[in-house]
1. Say we look at the stretch 252-261 and pick out the residues that are in contact with a strand residue (DSSP E or B) (Cβ under 9 Å, 6 or more places away or on another chain) and within 11 Å of the ligand (Cβ to nearest atom); which of these is nearest to Gly104 (Cα to Cα)?
2. Can you find a residue in the stretch 93-108 that is within 16 Å of the ligand (Cβ to nearest atom) and within 25 Å of Asp155 (Cβ to Cβ)?
3. Restricting to the stretch 235-251, count the residues that are in contact with a Leu (Cβ under 8 Å, 6 or more places away or on another chain) and within 16 Å of the ligand (Cβ to nearest atom).
4. Could you please find all residues in the stretch 204-230 being away from the ligand (no atom under 11 Å from the Cβ), closer than 30 Å to Glu178 by Cα and touching a strand residue (DSSP E or B) at 6+ places or on another chain (Cβ under 9 Å)?
5. Can you tell me how many residues in the stretch 69-105 are in contact with a strand residue (DSSP E or B) (Cβ under 8 Å, 6 or more places away or on another chain) and assigned to a loop (DSSP other than H, G, I, E, B)?
6. Residues in the stretch 72-91: is at least one within 16 Å of the ligand (Cβ to nearest atom) and of a type in the set (Phe, Trp, Tyr)?
7. Go over the candidates Gly67, Gly47, Gly92 one by one and state the one that is farther than 29 Å from Thr321 by Cβ, surrounded by 15 or more Cβ atoms within 10 Å (Cβ to Cβ), in contact (Cβ under 8 Å) with a residue 24 or more places away in the chain and not hydrophobic (A, V, I, L, M, F, W, C).
Amino acid sequence: MTDTAGVGALPARGMPAADVLDEIRALRAADRPTHGGRLFAYVYDPGVAGLDELAQAAYAESAHVNGLDPTAFPSLLAMENALVGAAARLLGGGPGTGAPDVVGSVTGGGTESLLLAVKAARDARPGLTEPRIVVPASAHAAFAKAAHYLRVGLDTVPVDPVTLRPDVAAVAAAIRPETVLVVASAPSYAHGVVDPVTEIATVAQAAGLRCHVDACFGGWALPWLRRLGAPVPPFDFAVPGVTSISVDLHKYAYAPKGVSVLLHRDPALRAPQFFAYADWPGYTMVNPVIASTRSGGPIAAAYATLRHLGEDGYLRLAAATRDAVAGLADAVRATGGLRLMAEPETTVVCFTSDDAGLDLFVLVDELTARGWHTQPQLTYADLPASVHLTVTAAVAPRVAEFGPALAEAVAAARAAGPVVLPPELLALAGSLTPEALTPELVAGLADGLGLAGGAGVPDRMAVVNTLLDAAPARLRERLLAEFVGLLQRPAW
Ligand SMILES: Cc1ncc(COP(=O)(O)O)c(C=O)c1O
């Protein structure tokens, strides 16, 4: 086997297929485990035998089909319409509902769906020179990205540190004459909490505004949990003021990556989402979504996944996820020094610690060392640092092992003690401005923290997280962007 790290992708002589696959498999060995129910972020694993093989075969069938022109590839149009119909029906739209005209588009992911929801809202009001959107502080960062890309102002409403939801009166107060969109999450990513959608949509409707429900994360889980008897509050098109909803199929629909659906209550609301251009010598470009050329692979894979799992499959998977959430939450409650950020109501378990002797970032490293990959969340406003667990169906068979591992990891974290940053580093994190960061300073820091390019990311991240935690948001952004920039260097 050749060592592929630091080697460019184009050899002088082409390689046999088997060797190429060996290379990829060797590279993949360094990745976190995408299957097996021990990775609580990034991946959504149903643990269904044969599903991967089916999705891969479907992907391969359509990988070279181009979504650029639905008239050239009607197979893709048919599968997209089928996905949109399924999502709309699941989320309170379609024939026989109060929202019979729901239409939608298949996008490449949640961020793209949210960018397009913001674009549609912005372009529906062309007379406004400085459009703005109102989002709870717990809304996904993709709204900030949309605001940045689309030059739309972002008005953030704080969330209550106990309920982790925004105050509806504060949402109403944040609406200005330039506001084009009000946002609610169902649920939020960080804590898995469903915003008061009915109240927020009512406020938006009263102001004559669009209301987007970001159900990217949980939109494919909440309806099944509700059918199983969970007290899921109204969040979909059954709520009259909700004008658009996003739901990612590459999350709880368990499709391979690259598929989300953006739904609008009616075609008129969707119209400004499109981009069309005829003023050049080539083909008239008509794009409902951001990408122009799009592979049919992810769409076919998602279609196959939905067809294979069916409603009964999703109900079974939701039941397994619900039970896993309950089991993990019990493990947290049973562990001294830990506290749930919120009672789990969806598919997230999120905990923090009030115990000064227990450093959450060290705990995350100790869990990683034991094969449990959780996601640290930094201190934000008056919310403490926390540990996030996205729970999927594949976690269910692992739950019994988690409690003892958590107890062991907590004991090890206590024994190791909290990270103590050298005072000069702590002072730097508190006082440095993003503008004052020079490439040399960043390179020195990266070196000192073991993040220098080439070596990859170190196993133990507590020191890095502690440093970031001590820094204000703008500095965190800049530091991490610089670090990632150091990692993203060409292999020649
Ligand atoms: C609530 C929510 N919205 C949007 C997104 C962005 O989705 P993506 O990573 O597919 O762009 C996420 C991702 O976790 C999410 O949880």
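Please treat every number below as a calculation from the coordinates, not as lab data. Quick caveat, the model's predicted, so the values are computed rather than measured. Neighbour counts are summed over all protein chains in view; Cβ atoms, including those assigned to glycine, are modelled from backbone coordinates with ideal geometry.
1. Initially, the stretch 252-261 is screened for residues in contact with a strand residue (DSSP E or B) (Cβ under 9 Å, 6 or more places away or on another chain), giving 253, 255, 258-261.
Adding the requirement that they be within 11 Å of the ligand (Cβ to nearest atom) leaves 258-260.
Working: Gly258: 16, Val259: 13, Ser260: 10 Å.
Per the criteria, the residue is Ser260.
2. Looking for residues that are within 16 Å of the ligand (Cβ to nearest atom) and within 25 Å of Asp155 (Cβ to Cβ), one finds at least one in the stretch 93-108, hence yes.
3. Of the stretch 235-251, the ones in contact with a Leu (Cβ under 8 Å, 6 or more places away or on another chain) are 235-237, 243-247, 249.
Next, only the ones that are within 16 Å of the ligand (Cβ to nearest atom) stay: 235-236, 244-247, 249.
Final tally of qualifying residues: 7.
4. Of all residues in the stretch 204-230, those away from the ligand (no atom under 11 Å from the Cβ) come to 204-211, 220-230.
Then keep just the ones that are closer than 30 Å to Glu178 by Cα; that gives 204-211.
Scanning the stretch 204-230 gives Ala204, Gln205, Ala207, Leu209, Arg210, Cys211.
5. 5
6. If we filter the stretch 72-91 for residues that are within 16 Å of the ligand (Cβ to nearest atom), which is where we start, we get 83, 87, 91.
Those left that are additionally of a type in the set (Phe, Trp, Tyr): none.
No, the stretch 72-91 contains no residue that is within 16 Å of the ligand (Cβ to nearest atom) and of a type in the set (Phe, Trp, Tyr).
7. Values: Gly47 fails: farther than 29 Å from Thr321 by Cβ; Gly92 fails: farther than 29 Å from Thr321 by Cβ.
Result: Gly67 is the single residue among Gly67, Gly47, Gly92 that is farther than 29 Å from Thr321 by Cβ, surrounded by 15 or more Cβ atoms within 10 Å (Cβ to Cβ), in contact (Cβ under 8 Å) with a residue 24 or more places away in the chain and not hydrophobic (A, V, I, L, M, F, W, C).
Conditions tested, residue by residue: (1) out of contact with any Pro (no Cβ under 8 Å at 6 or more places or on another chain); (2) among the β-branched types (Val, Ile, Thr); (3) touching a residue at least 12 places away in the same chain (Cβ under 8 Å); (4) under 21 Å from Glu199 (Cβ atoms).
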| site | (1), (2), (3), (4) |
| --- | --- |
| Ala72 | yes, no, no, no |
| Asn81 | yes, no, no, no |
| Ser105 | no, no, yes, no |
| Arg122 | no, no, yes, no |
| Val134 | yes, yes, yes, yes |
| Ala137 | no, no, yes, yes |
| Pro161 | yes, no, yes, yes |
